[in-house]
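To keep things clear, I will list the structure first and then write my remarks on it.
The values are calculated or read from the model by the stated rules, or taken from the named source; none is laboratory data. Only a predicted model underlies this, so the values are computations on that prediction, with no experimental measurement involved. Here Cβ is always computed from backbone atoms with ideal geometry, including for glycine, and neighbour counts include all displayed protein chains.
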Amino acid sequence: MTSALVGVRRHLLSIADLKRDELIELLALADSFAEVVDRPIPKVPTLRGRTVATLFFEASTRTRLSFETAAKRLSADTMSFSVSGSSMAKGESLRDTVETLDAMGIDVMVVRHHSAGAPHQVARWVRAAVVNAGDGQHEHPTQALLDCFTLREVLAERAGGRPPEDLCGLKVAIVGDVRHSRVARSDVLALSALGAEVHLVAPATLMPCSLEGWPIVGAGAELDALVGEMDAIYLLRLQLERMSAGLLPSLREYATRFGLSTERAMRMKEGAVVLHPGPMNRGVEIDAAVASSERARVTRQVRNGVAVRMAVLFHLLEPAGGAPAPLEGLADRAER
Ligand code: NCD
């Protein structure tokens, strides 16, 4: 396989930095790692001797554990940094903190920060490769990759074969707090680059002030008009921690107009699926019964997140020219 990524990318900071071919390549690589994750012993020696550190300056359950699991499945050493209990509590700056970690010989820093652009700044200061694990309201590239991977899987199920290269023909509605969502920004870029038709649904107060340059097919406030047309409905959590007062009349009204109720879910197309990045607010953006129904792919997204992050770590660390062809290459490595 010729690799457009290996030896070119040092960091994964934004979906906007990836071309369509590079997205396709990463997803194909993740197919190989999904096969590893399904093995009785889901581990390969690929990144033995390398160190992956997670630096989370903001709360997280699944993203942090997913990166740590991905690193361990590749036999990398892992380090986990938390602000509380660190010298940041004594006033140490972000720059001094990341330079200290870098001096220990970290290969990859996975950074989540409440400020947009923080991982980009870290990337300028350190020798390690940097992965953006969510920066403020800006981007969350690995979430978008795992969402695309999950939707490819849905297309494969429908066709009864292997996953297609891209998402051409798939209609996706992203519903909810688009304005404050880094997931929405990264997902819109990745989904549209892969050929999906993306619609945004949100109350006017939770839609970005300008949608100029967003590669979407439509945007509006009418979920009912779209619910029966979509192949996937992607629900966003209300980012209450980022919201100023007065953007929503009440949670109840929001749930009535924009929540995926059981009644709305029943009007979805046959085979259409529901995605959510988590954490879910059951009863607000999604009914508890819908979240636990056949349509919901939320736990599948979490599972796929490990394989996708293995692909990302592999891509950032494998020496130029060393990328294996998916499946064959990995099978060889595992047997050695
Ligand atoms: C998202 C995040 O942190 O941006 N969660 C995640 O990473 N799975 C979405 C959210 O918090 O709403």
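Here are some notes:
- If you go through the range 224-245 and keep only what is aliphatic (A, V, I, L, M) and assigned to a loop (DSSP other than H, G, I, E, B), you end up with Val227, Met230, Leu236, Leu238, Met243, Ala245.
- Ala129 in the same structural domain as Arg95 (by TED's automatic domain parsing), at pLDDT 95 or above and under 23 Å from Ala28 (Cβ atoms): yes
- Some residue of the range 186-193 being in contact with a His (Cβ under 8 Å, 6 or more places away or on another chain), buried (at least 24 other Cβ atoms within 10 Å of the Cβ) and modelled with pLDDT of 95 or more: yes
- Matching option when the condition is at pLDDT below 95, crowded, with 17+ Cβ neighbours inside 10 Å and within 22 Å of the chain's Cα centre (by Cα), among Phe56, Phe81: Phe81
- Of all residues in the range 128-146, none satisfies being within 16 Å of the ligand (Cβ to nearest atom), surrounded by fewer than 24 Cβ atoms within 10 Å (Cβ to Cβ) and either in a helix (DSSP H, G or I) or over 24 Å from the mean Cα position of the chain (by Cα) (or both).
- Candidate set: the range 223-251, residues that are among the charged types (D, E, K, R) and surrounded by 12 or more Cβ atoms within 10 Å (Cβ to Cβ); chosen: the one nearest to the chain's Cα centre (by Cα): Arg237
- Residue, farthest from the ligand (Cβ to nearest atom), within the range 89-127, restricted to residues that are of a type in the set (Gly, Ala, Ser), assigned to a loop (DSSP other than H, G, I, E, B) and under 24 Å from the mean Cα position of the chain (by Cα): Gly117
- Close pairs (6 angstrom Cβ cut-off, 6 or more residues apart or separate chains): under 15 Å from Arg182 (Cβ atoms) in the range 269-281, of a type in the set (S, T, N, Q) and within 9 Å of the ligand (Cβ to nearest atom) anywhere: Pro277/Gln143
- Residue check, Leu27 farther than 13 Å from Leu313 by Cβ and within 16 Å of the ligand (Cβ to nearest atom): no
- Qualifying position, being touching a strand residue (DSSP E or B) at 6+ places or on another chain (Cβ under 6 Å), farther than 18 Å from His180 by Cβ, of a type outside the set (S, T, N, Q) and not assigned by TED's automatic domain parsing to the domain that holds Ser66, among Val217, Val227, Val201: Val217
- When Val183 is tested against the conditions (1) assigned to a strand (DSSP E or B); (2) within 15 Å of the ligand (Cβ to nearest atom); (3) not acidic (Asp, Glu), the lone failure is (1).
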